[in-house]
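Scroll down for the structure; my scribbles are underneath it.
The values are calculated or read from the model by the stated rules, or taken from the named source; none is laboratory data. Note that this is a predicted model, so its numbers are computed, not measured. Note: ideal-geometry Cβ built from the backbone for every residue, glycine included; neighbour counts use all protein chains shown. All accessible areas refer to the heavy atoms of the entire protein, side chains included, with ligands and DNA or RNA removed. Shrake-Rupley method; radii C 1.70, N 1.55, O 1.52, S 1.80 Å.
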Amino acid sequence: MMWFILFFQLSLFSQPEIVISNTQIGYYIDESNAMEFEEINKPELQWQHKLDSNKIFYINDNAVTYWLRFPIPDVIQHNNVNYYLEITESHLNQVSAWVSGKTGATKVGEAGFFDRFPERQIPHKNFVYGIPDKNAENYIFKVNSRKNSSFIPKFRSIHFLFQYTLSEYFYLGIYYGLIGLIALFNLIAFIFLRQKKYYYLSLLFICGILLSTKEDSLFFQFFWPEFPGFNYFVYFFSYSVYTFYLISFILTNLNTPGRWLKSYQLLMSIYLGTLIFKDFFNGGTINFITWAYMLPLVLILVKIFKSKIEPTPKFIMAIALVMNIIVLVPKLDFFKIDSIFVLYSFNFLLLIQGVLFTIVLVLDYKWSLAKARNFQESLMAELKHREAKISQQVHEKTSEIESQKIIISEKNLELSTAYKELYSSNQEVSRLNEILQNQNVALIEELNTVTQATIHSKPVSFSSFQKQFPNEEVCYQFIFQVKSRNGYVCEKCQHQRFTEGSEMELMQCAKCQSEVSITRGTIFHRLKMDLAKAFYITFYVTTMGEDFNVSQLAESLALPTNTCWRFVRKVADIRYKKQDVKNGSWEELILL
């Protein structure tokens, strides 16, 4: 009770917050970035002042060092209530603070967004400093900022600061808890349902948490105070990754085919990666979002209106996308707005977006159930129809089977009669087979005689010889075998292995695939008579030598005498050239 009365009295008789206006701040720009405090804290230094009516002082040049000076209000110096100075911009790279007065100057702190959090004098997400000397007259700040930033000094009483900080941290804790629950719910839904829309939505809210903490630096204070380098990732990557998963979620709900979705994601990755690269190497001049960052959102908004999905989810997703664009526009550098609603507008957006997207997923789930129910009902109706049709077909088939049984009985009787006839036919066939077997024995004996006569070069008649070479195909195969045994060489590639060609009178090189006549390089090349008769003449001349009559040979082969005589002469000439063949096999005369 005493604490409440004390707080009430102090709040009643003291001013809780004093904001230093733009015109009260003197500034000096150090373009060399090398000046020290002693050089700045000289009476002769000329401080500049902005004369515009804007209450906010902006740091617009990130390549220089800003020295800022403003007076400590008299009401603070003559008041028994302790006041603290809070710089509400938490993203300043480097902030050093001094208080100066008649008794001298005192350094009160040095910290930065990319420095370890424990180095701060007071553990607060913003830069907070005490007033160590009641006689201090001015605050002097040395500020380096990688991005265009605001500089808003606010003197707050300890009670107001305490109350404001507790309220802010409390509501931020509730906010992060709700968003975390939404992300966890969607992650669990993805694990059980295996639908990518839940996966993308879960990552969207996780990125939204990172994007929120980029703005309020709360996670820097509680989760990675010793690792300020992680702020680089949050600062430069959070919005791009958030945009990526926002667009991926919307495209998935627009039933975009998988290959097109991957193409969109690839293009977005390249585009957003280029913007991250530009933002990083330009010193963070792209403050949270630029018009370039909004381009993919605008294109997806057009795609939503052109899609053919249900009107309700189309409307909700369009509203959510428009809200993203509207909320993020005031955060551009050229919108100089200092408002708690603008500061935390993205937090409100993410909460509303969570509700809207949850409605979309619930509606989608209900419509999916309705479609599944309708499909099930139509399937049941179709099954009943098919069942009735099958029953009718079974009845018809049963009747048909009964009639087929009668037919089968009749056919069995016919088969019995046919079997008896077949048995008698079989007896006749056996008798004929015995006759054919005897004839085959005689033919085999005669063929053996011809074969032996051929092997031993004994003369046989043309009709007997023709049994061994009945047609031209057999003759060509025989020549092919003779050439293969003697290593015939391809004229193009000098290869010695051949296969059968596309026609029976051709042979093909196994290497270069060129085809050549089988009779090429033999005595039978460009022959003008039947090949079997030429075979017999060659065999006859080799067997008989010169002791035969050409006219009788021509007459027995039904050939003109001149034709027969020319080929006999050709065989005799080759036989004469090959002296060792005179008493050998006629096959050796085939190859030239």
> Of all the residues that make up the stretch 528-541, how many are surrounded by fewer than 18 Cβ atoms within 10 Å (Cβ to Cβ) and modelled with pLDDT of 85 or more?
Replying inline: 2
> Given the conditions (1) assigned to a helix (DSSP H, G or I); (2) closer than 27 Å to V541 by Cβ; (3) modelled with pLDDT of 80 or more, and given that T417 satisfies all but one, which numbered condition is not satisfied?
Replying inline: (2)
>> Can you find a residue that is farther than 17 Å from L349 by Cα and either assigned to a helix (DSSP H, G or I) or touching a strand residue (DSSP E or B) at 6+ places or on another chain (Cβ under 8 Å) (or both) anywhere in the stretch 199-215?
In response: yes
> Hey, among the residues in the stretch 162-193 that are among the aromatic types (F, W, Y) and open to solvent by 30 Å² or more (accessible area, probe 1.4 Å), which one's nearest to V355 (Cα to Cα)?
Replying inline: F185
>> Suppose we keep only residues that are open to solvent by less than 90 Å² (accessible area, probe 1.4 Å) and part of a loop (DSSP other than H, G, I, E, B) within the stretch 478-501. Which one would you say is modelled with the highest pLDDT?
In response: C493
>> For the stretch 50-64, check the following and say yes or no: at least one residue is in contact with a strand residue (DSSP E or B) (Cβ under 8 Å, 6 or more places away or on another chain) and closer than 18 Å to E137 by Cα.
In response: no
> Assuming S464 fulfils every condition listed in (1) open to solvent by less than 60 Å² (accessible area, probe 1.4 Å); (2) modelled with pLDDT of 85 or more; (3) not acidic (D, E) apart from one, which condition is it?
Replying inline: (2)
> Pairs, please: C-beta under 6 Å, at least 6 apart or cross-chain, first residue in contact (Cβ under 8 Å) with a residue 60 or more places away in the chain and in the stretch 70-86, second assigned to a helix (DSSP H, G or I)?
Replying inline: F70/Q24; V81/L10; N82/I158; Y83/I76; Y84/L161
>> Being over 26 Å from S345 (Cβ atoms) and not acidic (D, E) narrows it down to one residue among N231, N186, N138, N148; which is it?
In response: N138
> Which of the residues belonging to the stretch 87-143 are polar (S, T, N, Q), modelled with pLDDT of 85 or more, over 21 Å from D216 (Cβ atoms) and surrounded by fewer than 19 Cβ atoms within 10 Å (Cβ to Cβ)?
Replying inline: S96, T106, N138
> Across the stretch 232-242, what is the number of residues that are modelled with pLDDT of 80 or more and either touching an Asp or Glu at 6+ places or on another chain (Cβ under 7 Å) or not aliphatic (A, V, I, L, M) (or both)?
Replying inline: 1
>> Restricting to the stretch 310-348, give me the number of residues that are under 33 Å from the mean Cα position of the chain (by Cα), at pLDDT 75 or above and of a type in the set (A, V, I, L, M, F, W, C).
In response: 10
>> Only one of L187, L181, L172 is part of a helix (DSSP H, G or I) and without any contact (Cβ under 8 Å) to a residue 12 or more places away in the chain. Can you tell me which?
In response: L181
>> Just to verify a result, which residue in the stretch 449-461, among those that are open to solvent by 60 Å² or more (accessible area, probe 1.4 Å) and modelled with pLDDT of 50 or more, is farthest from I523 (Cα to Cα)?
In response: T449
>> Would you confirm, using the coordinates I've provided, whether A442 is modelled with pLDDT under 80, touching a helix residue (DSSP H, G or I) at 6+ places or on another chain (Cβ under 8 Å) and in a helix (DSSP H, G or I)?
In response: no
